[in-house]
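Step one of this worksheet: look at the structure below.
The values are calculated or read from the model by the stated rules, or taken from the named source; none is laboratory data. Everything quoted here is computed from the prediction, not taken from an experiment. Cβ placement follows ideal geometry from the backbone for every residue including glycine, while neighbour counts extend to all protein chains displayed.
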Amino acid sequence: MQQTNKLRPFFENLEFEREDNHMVINFGPQHPSAHGQLRLILELDGEQIVRAVPDIGYLHRGMEKMAENMIYNEFLPTTDRMDYIAATSNNYGFALAVERLLGIEDKVPRRAKVIRTMLLEINRIISHLFWLATHALDVGAMSVFLYCFREREFAMDLMEDYCGARLTHSAVRIGGVPLDLPDGWLGALAKFVNELPSNIKDYEDLLTENRIWRMRLEGVGVIDADLARSWGCTGPILRATGIEYDIRKEEPYELYEELEFDIPVTDTGDSYGRYKLYMEEMRQSARILQQLIAMYDETEPELMAHVPQYISAPKEDIMTQNYSLMQHFVLVTQGMRPPVGEVYVPTESPKGELGFYINSQGEPYPYRLKVRAPSFWHCGILQDILPGTYIADVVTIIGNTNIVFGEIDR
Amino acid sequence: MMRPYTPKDNVQAKAYYTDRFWVAPRIPEEPIPEDDLYAEDIAAVKKQCKILNAYIQRGQLVIYINPEDNIPALKTLKEERGYEMLSEMSGVDFLAERGGFEVFYQILNLGTARRIRVKCFVDENQAVESVNPLYRSADWAEREMWDLMGVKVNNHPYLKRLIMPDDWEGHPLRKTYPLEGDEFAQWYEVDKIFGKEARDIIGPENRDPARVDRYDTERFARLGHEVPRGAPAEMADKAEETPLSYQEEEGVFLIQKLSEENSKVLDKRR
């Protein structure tokens, strides 16, 4: 570390005394384009990056440790804080993992499934809009940011009308959903979904053929298929390398088997290809939501799985029937005791494969819970794709990988 | 009177009450069907190394191998059977019961959408070979496993703490590590910035946000009994009572108290 004195210039982030004429730059952890608490140590030869070392852990809250000290229902709100851009997808991933551990996956009522799938797709749109907004802002397009945040606000209003929260939803429960849709919500959703494609077209008009946007994104941050597979990249990054793998299609959960939607794929592997995938995925989400709106009215008004051993009875039963009250008391104070065993359950979150590994020893607390967060690997790959690129592209690449630090550090 | 015994080898939360005759049910471990793709995977691995146990649990194949066989087993699965992605790997702490860790490798075949969990049991002081040459994603996964669980990895290119600071002591995800941190963790910032001798002056970190200290004149703890900020403790009891009031009642510009009569309730949502 350099000492402050009057003879030499002192810059906290730069180190000058090297013989090979390389400069070492410290990027972050408080950099607005780092999308959270990312610290990157970059070794530069002129403007070219020779070595990049991502340093993470600045947002570590020990969620896996917390999970070992909480009953399963208690941990669910904590998962909100992982990918806080699309909280419901975390809630759902955890709820599905516990349901599969308990073996009650097919006992979830159909209405709950419809609502959950709706929430998941709304969250996908929210997340993609947020990604586009911040990424465009990083690259220098301010107006796209404002437009996207306007749309995102409408989507967040939908979430707020359903569950009361805008960011930390906790809108899913183990075994179903806590609430039915409020009056008029489906109409608001239909309005939002019908307007979305024309709004997406506005963003595309602003960006797709924009000369600056193309120059900054085309051929930048190229990840080929081998590297993506080897680094465990999933989601849009994997699909941009020409591999058509979407967990919603390949290992369907919830209602995705019955829904019609396409998986956009491109084989350019660069940032521009990924941008196009994100835009198309939003259109597909709107298409899924339109089908779900039609499905909702055909379902019975039942919201939680009926498994008294693990899931509390509906509130009416708890208030009127003695045995339901006793069950509820035990489940709240002591927690459910799943069978001994382990599961790994992957779901397709907006950013990629979000998996929960749960090891249960028959106790009310998980013996070990490991979160497989997509951003973790998408951040790790930076050390392999950044060398050789120019310093001006670093911000584009970080923004384009769509990493969120709540998920990486957990 | 005897103090109740608390086991030191697992300090995580325990069930408050357990019926001593209750036996936890187990998730069934199903045999592998003969004509399944998983049977072919098993056959391929068997040629390379010894398989201790293999079964299907909740639709995914689980293979137990010896820890020194992890490279040949995973190499076969990757190169011959197409399991090209390591989705996840980590360890599970069984130090108290069995004196070691269960390390699992969760791999995925993108072509057939099949997942296998390869598991091995590693003793506390035994090291596993790094699978970094096969899967790049093991780079960070093994660093995280070393950092949080303390499972040693051989021949890793850069085995350094990933999540915790470099000068951290202990491995936080072990069962012996308390949730609120050990002594080192609780005094980490104080020791590092001010030195150990400052512990008495600064005092332990306040982890109860609802704690009220009636002599504290700096942190809004004396609401209703205000004294000048930073006033000495002697002044605390002598201060005259300052009644609580709300701005709205005084008629602050633009801020009004909600009046029931003048507000309108909508029949329908927007």
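Summary table below
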{"read-out": "Residue tally, condition out of contact with any strand residue (DSSP E or B) (no Cβ under 8 Å at 6 or more places or on another chain), on the phi > 0 side of the Ramachandran plot and either at the interface with chain B (Cβ under 8 Å from one of its Cβ atoms) or modelled with pLDDT under 90 (or both), over the range A:344-380", "value": "0"}
{"read-out": "Scan of the range A:121-150 for residues that are modelled with pLDDT under 90 and under 15 Å from A:Lys191 (Cβ atoms), ordered by number", "value": "A:Arg150"}
{"read-out": "Residues that are facing chain A (nearest Cβ under 10 Å) and in contact (Cβ under 8 Å) with a residue 24 or more places away in the chain, drawn from the range B:11-31", "value": "B:Val11, B:Gln12, B:Ala13, B:Ile27, B:Pro28, B:Glu29"}
{"read-out": "Test for A:Gly341: is it in contact with a Cys (Cβ under 8 Å, 6 or more places away or on another chain), within 14 Å of chain B (Cβ to nearest Cβ) and not charged (D, E, K, R)", "value": "no"}
{"read-out": "Sole exception among (1) more than 17 Å from A:Ser360 (Cα to Cα); (2) part of a strand (DSSP E or B); (3) under 26 Å from the mean Cα position of the chain (by Cα) for B:Ser90, by number", "value": "(1)"}
{"read-out": "Candidate set: the range A:207-264, residues that are β-branched (Val, Ile, Thr) and in a helix (DSSP H, G or I); chosen: the one nearest to A:His378 (Cα to Cα)", "value": "A:Ile237"}
{"read-out": "Helices (runs of 4 or more DSSP H) completely within the range A:293-381 that count 3 or more residues being surrounded by fewer than 23 Cβ atoms within 10 Å (Cβ to Cβ) and in contact with a Leu (Cβ under 9 Å, 6 or more places away or on another chain)", "value": "A:315-320"}
{"read-out": "Test: residue in the range B:43-60 that is in a strand (DSSP E or B), over 30 Å from the mean Cα position of the chain (by Cα), farther than 30 Å from A:His378 by Cα and not hydroxyl-bearing (Ser, Thr, Tyr)", "value": "yes"}
{"read-out": "So A:Glu316, is it among the charged types (D, E, K, R) and in contact (Cβ under 8 Å) with a residue 24 or more places away in the chain", "value": "no"}
{"read-out": "Residues of the range A:47-67 that turn out to be part of a strand (DSSP E or B) and away from every other protein chain (no Cβ under 14 Å), as a count", "value": "3"}
{"read-out": "For A:Met70: the one exception among (1) touching a helix residue (DSSP H, G or I) at 6+ places or on another chain (Cβ under 8 Å); (2) assigned to a helix (DSSP H, G or I); (3) touching a residue at least 24 places away in the same chain (Cβ under 8 Å)", "value": "(2)"}
{"read-out": "Residue ID - surrounded by the fewest Cβ atoms within 10 Å (Cβ to Cβ), chosen from residues in the range A:44-73 that are within 22 Å of B:Asp93 (Cα to Cα) and among the acidic types (Asp, Glu)", "value": "A:Glu64"}
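Here is a yes/no grid of residues against (1) more than 14 Å from chain A (Cβ to nearest Cβ); (2) of a type in the set (S, T, N, Q); (3) farther than 20 Å from A:Leu101 by Cβ:
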residue	(1), (2), (3)
B:Asp69	yes, no, yes
B:Leu74	no, no, yes
B:Asp93	no, no, no
B:Ala96	no, no, yes
B:Gln126	yes, yes, yes
